[in-house]
Structure formats: structure tokens, C-alpha cells
There are 2 protein chains.
Amino acid sequence: MLIKPVEEMLLRNADHYLIPADIVANVQTDNNLYHAFLVLTKIKYSRIPVLDHAGHFEGLVSLPLITEKMLGFDQLNTDILMQCRVSEVMDTDIKTVQSVGDVEETLHLMVDNPFVPVVDSANMFEGIITRREFMKSFNFLTHEIGRQYDMIEKDFSNSSIAK
Amino acid sequence: MLIKPVEEMLLRNADHYLIPADIVANVQTDNNLYHAFLVLTKIKYSRIPVLDHAGHFEGLVSLPLITEKMLGFDQLNTDILMQCRVSEVMDTDIKTVQSVGDVEETLHLMVDNPFVPVVDSANMFEGIITRREFMKSFNFLTHEIGRQYDMIEKDFSNSSIAK
């Protein structure tokens, strides 16, 4: 459990956490790898969401997942980029959250992921929460918590319930 | 300024922040792009350090910096990977820190960077500090700070110096 003051301070910034779907670059499951290669070469995220035609979240794709397909015995195979589809290389083992307010689960997932996709109850893609936005809140929190709270070190010396 | 209890809790984990140079994948300034392409396809970091032969930190290179060189008018140019060197595409505008104990500066840099290179006073590459390790500390801090400190909300209602 997060302690109350920390959770409140994190939630206060929760509106800023979500980068909405309409400004997050994405590709579709049936796009060929050449298209995804071009998109990933041009934008700054190293992994981007893969959606179906209706906008459901299907997985993530990165340049290494694509360039690995190009590795041949002694040279790079570029023809394969036109032949394969994103659905053949995407990573589908991706944890999502359903609300930017789920601070505890999001924090947990961000240890291993640079961003966490947000979906609705029907798995429609709503946007992403990035470590970058959390780092800003972390910075804010580490500076502000002392202004808003007096912090008094607990004395466990006579306590048998300290853990 | 970070407040004391937060800084102390972050510093307590500082030993774990540094991923030492000898286990961080890197390439050298005069490697060709084909070599860097293979390394970046195989490892998990999206950007890796570029060093000179003596081990000085020179910059970072990513797959998009390489694949952008491959873009031609209507097809991908793979020959260029053998012809160009890492020094021609690497990003040299990279902020570094000289100590894992410099928590405040590192936190600041991590808002915009997934990791921060650590160098010594002669610019020799010593390792990296990643957002991932900081997220672990952040998690720890948000859960532990309430166990170790009583937090009492300050009353600014009668204060004229609140800011």
C-alpha cells in the first residue's frame, strides 16, 4: 500500500500522466514491416503500440524486433520487410492498465517498462503513461513533500511491533 | 534542494544505481554501422554508449540514427552500413554525471533520458544509471517513507511565509 500523502501527491498530477492515443504514433497489425521500419526510424519512442482496425490494443513493436528479421547469413535481407506483417513480430505479452489513477500498479509496471499502455474495458487503446511523466512527478514529490509535511523520524527503540 | 529524509533514502540505494561499464554493451567510434546495427538488434537497450579506444565516453548511438542513414528514395541502402562509421551518426550532445551520489542532478537528467552515463574526471566511461533502478527506489521510497517517518501536514492558515 502507498501511504496516503504520497498517493495524494501522485494523484494530483495524474491528469498529466496520460499521453492520449491521438498523439501517440502507432501501426496496425496488418501493416508490413517496411512501414513500421519507416515509422520507428522517424519517431522518438523505441517501441510503439500496434492496433487493429477498430483501435483495439494488440501489442508493441520495436526496431530490434524488425531488424532481427533482416539478419541473414552474411547480409541483410530487406525484401522480407515487404513480405512480413507487424502481427508476425510484435510483442503481445504486454501488461496494460485501465486508469491513470491506478498509481500503485502503474509504478510497479514502470520498473520494467518505459511506458504502460492504457486501455478501456473493451481493450480499446486510450493512450500511454510514460516513465518520463512519472519522473517529473517524482522530482516534484521529492522537493514538495517536505514543504507540505513535517517529517518526524519514528522511534522504534522501545517498540516490539516495528517491522 | 531535496529534503533530507528523501535524499537519505535515495542515497541508501545509490550503490545499486550504477550499472558498471564492463557489463554495459558499447561500440567504438570507428566501428562501422553494420557492427552497431547487429549489436543494437541483439541487446535490449535502445541506445548504447560509444567509446574511443582508450575508453573515453564519446556519445550514444541508437538504431534509428543508423536506419535513417539507410533510407533512400525508394528502397533501403544496406551498403552504406559498411561504408559509414559510428562517429558519423552518434549523438554527442549527452549530459553525464561524475557520481552516483549526485542524486539531484541525476533525477533532473532522467526526466528526459532513459539512462545517464557516469564518467570520471578524465571522461573515462564508468557505467550508466538507469531510470529502471530509480523507479525501483521510487517504489521503495513511496512505500517506506511512511513507515520510517510520521508525516504531519503543515498548517499554513496563519502563516505569511508560506510559498
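Summary of values
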item: Hits in the stretch B:37-59 - residues which are of a type outside the set (D, E) and either at pLDDT below 95 or farther than 17 Å from B:D22 by Cβ (or both); result: B:F37, B:L38, B:L40, B:T41, B:K42, B:I43, B:K44, B:Y45, B:S46, B:R47, B:G59
item: Matching residues in the stretch B:84-111 - criterion: being out of contact with any Gly (no Cβ under 8 Å at 6 or more places or on another chain) and assigned to a strand (DSSP E or B); result: B:R85, B:V97
item: Unique match (being closer than 18 Å to A:E7 by Cα and out of contact with any Pro (no Cβ under 7 Å at 6 or more places or on another chain)) among A:V118, A:V111; result: A:V111
item: Lone unmet requirement of (1) aliphatic (A, V, I, L, M); (2) buried (at least 17 other Cβ atoms within 10 Å of the Cβ); (3) farther than 23 Å from B:F138 by Cα for A:M124; result: (2)
item: Filtered residues of the stretch B:69-85 (kept if within 31 Å of the chain's Cα centre (by Cα) and surrounded by 13 or more Cβ atoms within 10 Å (Cβ to Cβ)); result: B:K69, B:M70, B:L71, B:L76, B:N77, B:T78, B:I80, B:L81, B:C84, B:R85
item: Check on A:L81, in contact with a strand residue (DSSP E or B) (Cβ under 7 Å, 6 or more places away or on another chain) and either of a type in the set (A, V, I, L, M) or part of a loop (DSSP other than H, G, I, E, B) (or both); result: yes
item: Whichever residue in the stretch A:32-71 is in contact with a helix residue (DSSP H, G or I) (Cβ under 9 Å, 6 or more places away or on another chain) and among the small types (G, A, S) and, among such residues, is farthest from B:L71 (Cα to Cα); result: A:G55
item: Test: B:T78 is within 24 Å of A:R131 (Cβ to Cβ) and β-branched (V, I, T); result: no
item: Selection count where residues are touching a strand residue (DSSP E or B) at 6+ places or on another chain (Cβ under 6 Å) and surrounded by fewer than 16 Cβ atoms within 10 Å (Cβ to Cβ), scope the stretch B:97-119; result: 1
item: Set A:D155, A:D150: member being modelled with pLDDT under 80, within 11 Å of another protein chain (Cβ to nearest Cβ) and over 28 Å from A:Y17 (Cα atoms); result: A:D155
item: Filter result for the condition that a residue is farther than 21 Å from B:N31 by Cα, away from every other protein chain (no Cβ under 13 Å) and either without any contact (Cβ under 8 Å) to a residue 60 or more places away in the chain or small (G, A, S) (or both), over B:S87, B:S137, B:S99; result: B:S99
item: Members of the stretch A:21-65 found to be more than 15 Å from A:N123 (Cβ to Cβ), in contact with a Pro (Cβ under 9 Å, 6 or more places away or on another chain) and aliphatic (A, V, I, L, M), listed by number; result: A:V24, A:A25, A:V27, A:L40, A:I43, A:V61, A:L63
item: Flag if A:G55 is small (G, A, S) and either buried (at least 21 other Cβ atoms within 10 Å of the Cβ) or closer than 23 Å to A:T41 by Cβ (or both); result: no
item: Selection within the stretch A:36-75 - of a type in the set (D, E) and either facing another protein chain (nearest Cβ under 10 Å) or in a strand (DSSP E or B) (or both); result: A:E58, A:E68
item: Which numbered condition B:M124 misses (of (1) touching a helix residue (DSSP H, G or I) at 6+ places or on another chain (Cβ under 8 Å); (2) touching a residue at least 40 places away in the same chain (Cβ under 8 Å)); result: (1)
item: Failed item, numbered, when B:V89 is tested on (1) touching a helix residue (DSSP H, G or I) at 6+ places or on another chain (Cβ under 7 Å); (2) closer than 21 Å to A:N139 by Cα; (3) modelled with pLDDT of 95 or more; (4) β-branched (V, I, T); result: (2)
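The values are calculated or read from the model by the stated rules, or taken from the named source; none is laboratory data. The structure displayed is predicted, hence computed values, not measured ones. With ideal geometry, Cβ positions are generated from the backbone for all residues, glycine too; neighbour counts draw on all protein chains shown.
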